[in-house]
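One structure below.
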């Protein structure tokens, strides 16, 4: 029964990982090989690896490589499974995977202590750019609930002081939003979050997190030994709520996305308004439309009116192909007219060269030259008037192409 529950949990975590990977278009990609270990069951290692991937997905600007794609890539390269026990293997694997970074983790159980060693590789060069060691001296469940979160933070964040990871004497405080003040007792510490503070000092006096426009947060107790990183999400003093109204009914598959990418709201087809958005910046997105003038700001207790311009992607592709065809036809006409104009010039020069002493023959050649000279302005005009359509159609083609590439 326990094994069945764990299997269901693994499937759930893998689903979260896959959906999150597909939902966010983030800046950095990362792959995570299967964990290796000593004194810990292989099923537990796989479960911890899945939790670790989910923790990475929760961080900003990270997109975790799909596990099946990673396994397939390494399998095609001759690896039995996505796992490495040597640095050489990991370096080669990191360079085979099409991601920016790659992570390997080795967990050893020594008595009641779990020691986790993580390595972060730069895939382009195969270079190790970070090594972290995290020791955890409580249960396996605690390693699952807090340890993987801490290890992910240690692996990806260069802002966390190394002293926090090496011992229990410091506590690292992170807030959302960042740059909040920390007051310990009656003293406001210098600097803003994220910051590390001494555990002994923090335990002796109350801690209050302050940021303008947000409710003060009182930290009732510090994390216990299983965690030395505190994450606090601050709340607005007063809910800042507003509405947005559109000039025309919206089609299906239009999504409102917050500026930080964390909140996404699907607009119902045919609606003219969306109510109760938190104050801030937003934009409209869609996988079926190119949207212009889709950025807007929500103000407290106000309705923001916007006039987005929606261009259906399929129609843009058709227009782009039409402009490309017309451009190519005009280029062909320009090439033909220019080529024939060159032929007229060449023929005239040949006739001039063949002038002889025969007067009758000279008159015939002169007449032929005049006929050719009369045709030259016609093809010059065709060439000149063809250039402008070529420029116009090419510019429209590039415009359509740039819209599709946005």
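The values are calculated or read from the model by the stated rules, or taken from the named source; none is laboratory data. Small disclaimer: the values here were computed from a predicted structure and weren't measured. For neighbour counting, all protein chains shown are included, and Cβ atoms are generated from backbone atoms with ideal geometry for every residue, glycine included.
Tabulated data
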read-out	value
Residue count, region 96-117 (criterion: assigned to a helix (DSSP H, G or I) and exposed (fewer than 15 other Cβ atoms within 10 Å of the Cβ))	0
Count - residues of region 168-220 that are surrounded by fewer than 16 Cβ atoms within 10 Å (Cβ to Cβ), in contact with a helix residue (DSSP H, G or I) (Cβ under 9 Å, 6 or more places away or on another chain) and closer than 30 Å to residue 131 by Cα	2
Failed criterion for residue 179 (all others in (1) at pLDDT 80 or above; (2) farther than 25 Å from residue 57 by Cβ hold)	(2)
Any hit, region 303-314, residues being closer than 30 Å to residue 217 by Cβ and within 26 Å of the chain's Cα centre (by Cα)	no
Members of region 33-49 that are buried (at least 21 other Cβ atoms within 10 Å of the Cβ) and part of a helix (DSSP H, G or I)	48, 49
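Conditions (1) more than 20 Å from residue 261 (Cβ to Cβ); (2) exposed (fewer than 14 other Cβ atoms within 10 Å of the Cβ), marked per residue:
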residue: 285; (1), (2): no, no
residue: 297; (1), (2): no, no
residue: 314; (1), (2): yes, yes
residue: 330; (1), (2): yes, no
residue: 344; (1), (2): yes, no
